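Asks: Pasting a structure here, questions to come.
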Amino acid sequence: MAYVFVVPLLGYLPATVMFAVILALRLGYRSRTSLLSAAAFGAVVVIIFKTLLQVKVPGGALYEYLPAAIRSFM
């Protein structure tokens, strides 16, 4: 449920990457390689959903503080 509440605040990309890393930690993976793999997996999930599947995901409130060029990417 925390993920559902964090997405509108942080946005889909940071929340998904953070969720993947926290889930890996919860499952007992502690090595740098495992955590980087979890972060990369979270980023790939976002890329697949936003580009290939063209799912409209909510932008986070945090995105309002970013410059316009970065905001459109996020």
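Asks: For the chain, which DSSP H helices look membrane-span-like by this rule: Cα extent along the axis of 18 Å or more and mean Kyte-Doolittle of at least 1.6?
Replies: 12-26, 32-47
Asks: Nearest 0.05, what FRET efficiency do Met1 and Ala69 give at R0 = 35 Å with Cβ-Cβ as r?
Replies: 0.55
Asks: Counting pairs of Cα atoms in the chain, how many percent are more than 16 Å apart?
Replies: 53 percent
Asks: Count neighbours as other Cβ atoms within 10 Å of each site's Cβ, and list the trypsin sites (Lys or Arg not before Pro) in the range 12-62 that are DSSP loop with at most 14 such neighbours.
Replies: Here the sparse-neighbourhood loop sites are Arg30, Lys56.
Asks: Skip the ligands, DNA and RNA, and give the accessible area per residue of the chain with a 1.4 Å probe, whole Å².
Replies: 74 Å²
Asks: Could you check how much of the accessible area of the chain is carbon and sulfur, as a whole percent, using a 1.4 Å probe?
Replies: 74 percent
The values are calculated or read from the model by the stated rules, or taken from the named source; none is laboratory data. The structure displayed is predicted, hence computed values, not measured ones. Glycine also receives a Cβ, built like all others from the backbone with ideal geometry; neighbour counts cover every protein chain displayed. Just so you know, the surface numbers come from the protein's heavy atoms only, side chains and all, with ligands and any DNA or RNA stripped out. Shrake-Rupley method; radii C 1.70, N 1.55, O 1.52, S 1.80 Å.
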